[in-house]
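My questions will all concern the structure given below.
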Amino acid sequence: MKALVLFSGGVDSTTCLGIAVKEYGAENVIALSIYYGQKHDKEIQAAKKIAEYYGVTLKTLDLTLIFADSDCSLLSNSDKEIPTGTYAEQLEQAEGKPVSTYVPFRNGLFISSAASIALSNDCGVIYYGAHSDDAAGNAYPDCSSAFNNAMNEAVYIGSGNQLKIIAPFVEMAKKDIVKKGLEIGVPYELTWSCYEGGDKPCGICGTCRDRIAAFEENGVTDPIM
C-alpha cells in the first residue's frame, strides 16, 4: 500500500512523514505540499529539503484562488498583522470564534484535494498532522477529533471504501509529537513553522511559541531557534 502525507514542512507534518516512511518505505510515500496564498514560501522551501532528505516523491498544489476572498492574517491578500500572542491569549480576544490565523476550512479543502490525488496514485491512506493543541478552544476547528472523524467517513464512503485518513496526533499535544519525532530521528532542523517569512523564525507568533514550548518540555532546544 502507498501513503500520501499532507506536508507543510512544519513539525507536525514532518513527524507524520517520518512515521509514514517508517511504516511504508520511502518508495511508497508521496508528500503533498499546498500553497494557499501565504505571505511567504518558507514552508514550501522547507518541504522540498525534507522530501529530499527522506527520498520521497513531492507533489505541489496551488489553491490560492480559493482563498482570494479571505481576510485571514496569514494570507498575502490580507492587511491584517499576524498576531504575536499565545493561542490562549488570541482565543480570549476571539470570543469563541477561530483565531485570526484560521484559514477558512483549509484542512477540509486540503483533505478533499489529497483524496483525489491519493486515489489517482494508488494510495490507501492519507496522513495529516492535526493535534489537540490546535483544536483547543475552537482555535482551529478543522483540527478536532470530531472534524477528523467526519472527514474520514466522507473520504472512505466517497472513495468507494478505498481510502482512509490517519491523523496520529489528533488526541495528542505538540510536546508528545516532538517526543515521537525525536525517537524516530525526524530532521527538525530542516522544518519551518513561523508565520513570518524572515531569515530566522520570529519566536513570538503563536506557532513559534507553540513549538519552542514543545521542545523545551522534551528537555531540548528547538534546533532552528
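The values are calculated or read from the model by the stated rules, or taken from the named source; none is laboratory data. Everything numeric here is computed off the predicted structure, so don't read it as measured data. Here Cβ is always computed from backbone atoms with ideal geometry, including for glycine, and neighbour counts include all displayed protein chains. Surface areas here come from the heavy atoms of the whole protein model, side chains and all, with no ligands, DNA or RNA. Shrake-Rupley method; radii C 1.70, N 1.55, O 1.52, S 1.80 Å.
Residues 20, 31: which one is touching a Lys or Arg at 6+ places or on another chain (Cβ under 9 Å), within 22 Å of residue 152 (Cα to Cα) and modelled with pLDDT of 95 or more?
One residue alone meets the criteria, 31.
What residue, of 85, 9, is in contact (Cβ under 8 Å) with a residue 12 or more places away in the chain, out of contact with any Pro (no Cβ under 9 Å at 6 or more places or on another chain) and on the phi > 0 side of the Ramachandran plot?
Step by step, each of 85, 9 is checked, and only 9 is in contact (Cβ under 8 Å) with a residue 12 or more places away in the chain, out of contact with any Pro (no Cβ under 9 Å at 6 or more places or on another chain) and on the phi > 0 side of the Ramachandran plot.
Let me ask something else. Just the residues that are open to solvent by less than 20 Å² (accessible area, probe 1.4 Å) and not hydrophobic (A, V, I, L, M, F, W, C), please, taken from the stretch 26-38.
33, 36, 37, 38, listed by residue number.
Output the helices (runs of 4 or more DSSP H) that fall wholly within the stretch 136-225 and possess 2 or more residues being charged (D, E, K, R), or say none.
Working: elements: 145-158, 174-183, 206-216.
Where helices (runs of 4 or more DSSP H) fall fully within the stretch 136-225 and carry at least 2 residues being charged (D, E, K, R), they are 174-183, 206-216.
How many residues does the stretch 186-225 contain that are in contact with a helix residue (DSSP H, G or I) (Cβ under 9 Å, 6 or more places away or on another chain), modelled with pLDDT under 95, open to solvent by 70 Å² or more (accessible area, probe 1.4 Å) and of a type in the set (Asp, Glu)?
Residues that pass the stated criteria total 1.
Still on this structure, please answer the following. Could you grab the pairs with beta carbons closer than 8 Å, sequence gap of 6+ or different chains, first residue in the stretch 159-180 and under 21 Å from residue 117 (Cβ atoms) and basic (Lys, Arg), second one open to solvent by less than 50 Å² (accessible area, probe 1.4 Å) and at pLDDT 95 or above?
Pairs that qualify, where the first residue is under 21 Å from residue 117 (Cβ atoms) and basic (Lys, Arg) and the partner is open to solvent by less than 50 Å² (accessible area, probe 1.4 Å) and at pLDDT 95 or above, are 164/124; 164/125; 164/126; 164/152; 164/155.
Of everything in the stretch 88-108, what is in contact (Cβ under 8 Å) with a residue 40 or more places away in the chain, surrounded by fewer than 18 Cβ atoms within 10 Å (Cβ to Cβ) and either part of a helix (DSSP H, G or I) or β-branched (Val, Ile, Thr) (or both)? Give them in sequence order.
The answer is 88, 94, 108.
Provide a single number: the residues in the stretch 46-72 that are touching a residue at least 60 places away in the same chain (Cβ under 8 Å), open to solvent by less than 80 Å² (accessible area, probe 1.4 Å) and of a type outside the set (Val, Ile, Thr).
Selection size over the stretch 46-72: 1.
A further question follows. Return the total of residues in the stretch 77-87 being modelled with pLDDT of 75 or more and either surrounded by 14 or more Cβ atoms within 10 Å (Cβ to Cβ) or within 19 Å of the chain's Cα centre (by Cα) (or both).
5
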